[in-house]
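One structure is given below, represented as structure tokens, and several questions about it will come after.
Here, each number is a calculation from the coordinates, and none is a lab measurement. The structure presented is a predicted model; accordingly, all values stated were derived computationally and were not measured. Note: ideal-geometry Cβ built from the backbone for every residue, glycine included; neighbour counts use all protein chains shown.
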């Protein structure tokens, strides 16, 4: 059986394609932004650079070791605890 | 048991740490589950149902002390309430004095995004119940940041995204202020969708000026509650509301010499506030001193059936009493308090700031009941838990704004990445971020607040992210090196869950013997 080897990290171009596809999937058009204009409030180059950094942060988060038995964002106490105390006037 | 009772202890000592941690874990899960919060039944309630017990505000002056009424806008809210209650100041005159300043000066300050006319405010005042106990804030002109829904004024969130938006109901916090007799003098301009300083919508052109530098736009009013801060500091409002997800109340508060409280998560309803993060948004009060902050917090705090994050919490205690120092003699705090100092607290690059901080700590130490415990050791893995990505909240803002993003991403201007990133952060990272947040909260409460009761901090992000209370107040003046403007400097203090009483206590004892909170900026040239 072949031993899995970690794939090469994606390039900026590959991530850009992924990002544009993800936005398009949800019906969001970023082509209305200027491609690169530092004077504009936002441009595609800055947006993509920021988005790439967000994607690469997934690796940092995945590598962080945490005790899943003690720090799960589980619904305890149950969300119904919101109803355990009457609001004023009720 | 009330504050005056023997053996009364502040709320931060009475709430179980385990209970608070479990509760915050629930909030994380509810936000992650998406529909849980949305599934809470909405109940239409009258104003009387929303208003808790009216704040009991003692006279602002000692008997026989001279009372200043020449310009009522220079008074604090507690002073104004004292004089209107005694009949020495007509609430209508107070309102007219504020409207006069707004009409004369807001063209320069640009604090307000929308505001009612003079006649509308007076008519609202005239319609209040005659019983003072039902309208303790009668005649108080208040500002609400422009992300609080108001049905009679526009709510634009500082952005093209909400341009010309007029909600058909109002935020609970606004309703509570009005139910107590307060008047909304206007909606405070704000940074685009609660980020940065206020700007002309869709551009990078600044609008709101810092009240201490009204003729020089370079000196920032702070963000994102820019307009609320300027309105209170420039005497266009006596107090007001901001919101804080990442320093947006304490930042502009310190930039403009205000005393503000960002309370514990869930203490004040967020119903009717444009959301940024379901797990990190807070309503904060912005005022001119600790007692005014306490009065406004007393009015807006409490459970709201429309916001489950506010339910199941301990009742709000008597904040006004906590912010009322013991009279006479050496100032002292009500409850013995250990104060810890953040690493690097006296190593700011601005030596004047270090000088002011040293004087501040010296004054605190001279107050009875305060023990300075020295430099704090930060909790384990502090850097990892507070830095990106674990200390961030990228997954939160997107869901609410999908339709707006589809309409035209240009409306988001410089804030676009913040609102698009949520659809790129994976679900497993989002869960890990929420886990890390709970771990950080656990360690702040057990490790950091194991060393002290109040932390003098230079970092607000970790406390915003974990829902812990913060308070800011001015400690002196400095010359801004870039503009040469004479501007206030302030401090931020952090406490355990529901530590608002203790923060107000420490601030009130400090303000009892110092005058920085009474500094008022000059009007524009």
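At what distance in nm do the modelled label points of residue A:67 and residue B:326 sit from each other, each positioned 7 Å from its Cα along Cα→Cβ?
4.1
Give me the three principal axis extents of the stretch B:89-133 from the C-alpha atoms, as integers in angstrom, largest value leading.
38, 21, 18
I need B:140, B:177, B:190, A:42 ordered by Cβ neighbour count within 10 Å, fewest first.
A:42, B:177, B:140, B:190
Tell me, A:26, B:154, B:468, B:456 in order of fewest to most beta-carbon neighbours within 10 Å?
A:26, B:154, B:456, B:468
Could I ask something else about it? Between residue B:218 and residue B:513, 0.36 nm times their residue separation minus their Cα-Cα distance comes to what?
Here the answer is 102.9 nm.
Hey, what did chain B get for relative contact order, percent, Cα under 8 Å, at least 6 apart?
Relative contact order, chain B: 17 percent.
For residue B:17 and residue B:355, what is the calculated FRET efficiency with R₀ set at 60 Å and r taken between the beta-carbons, to the nearest 0.05?
With a Förster radius of 60 Å, E is 0.95.
Which distance in nm do the two modelled labels at residue A:2 and residue B:8 give, with both placed 7 Å along the Cα-to-Cβ direction?
Label at residue A:2, label at residue B:8, 7.3 nm between them.
Kirkwood hydrodynamic radius, the stretch A:12-64, all distinct C-alpha pairs: what's the number in Å?
Roughly 12.0 Å, rounded to one decimal.
While we're on this one: Tell me, what is the percent relative contact order of the stretch A:12-64, built from C-alpha pairs under 8 Å that lie six or more residues apart?
30
To continue, here is another question. Determine, from the Cβ-Cβ distance of residue B:427 and residue B:92 and an R0 of 60 Å, the FRET efficiency 1/(1 + (r/R0)^6), rounded to the nearest 0.05.
The calculated FRET efficiency here is 0.60.
Next up: For the protein assembly as shown, what are the per-bin percents of Cα-Cα distances with bins 20 Å wide, up to the bin holding the maximum?
20, 56, 22, 2, 0
In nm, to one decimal, how far is the residue B:71 label point from the residue A:18 one, both placed 7 Å along Cα→Cβ?
Here the modelled spin labels are 5.9 nm apart.
Given the C-alpha atoms of the stretch B:218-263, compute the convex hull and give its volume per residue in Å³.
Per-residue hull volume (Cα only) is 65 Å³.
At q = 0.14, 0.18, 0.32 Å⁻¹, what base-10 log of I(q)/I(0) does the Debye formula yield for the stretch B:106-154 when every alpha carbon is treated as an equal point scatterer in vacuo?
Calculated log10 I(q)/I(0) at the listed q: -0.45, -0.72, -1.25.
Related question: Taking every pair of Cα atoms in chain B, average 1/r, invert it to obtain the Kirkwood radius, and report Rg/Rh to two decimals.
Using Cα coordinates only, the ratio equals 0.94.
Please express the shape of the stretch B:383-525 as an equivalent ellipsoid: the semi-axes are the square roots of 5 times the eigenvalues of the C-alpha gyration tensor, given largest first in whole angstrom.
34, 26, 12
Can I ask one more? Using 0.36 nm per residue of separation minus the Cα-Cα distance, give me the extension gain between residue B:406 and residue B:375 in nm, one decimal.
6.2 nm
Arrange the following residues from fewest to most other Cβ atoms within 10 Å of their Cβ: B:326, B:148, B:265.
B:326, B:265, B:148
Enumerate the residues in the stretch B:487-520 having an amide nitrogen under 20 Å from the point lying 7 Å beyond the Cα of residue B:366 toward its Cβ.
Zone members listed by number: B:489-491, B:505-519.
Per the Kirkwood formula on distinct C-alpha pairs, the Rh of the stretch B:65-108 is how many angstrom?
11.0
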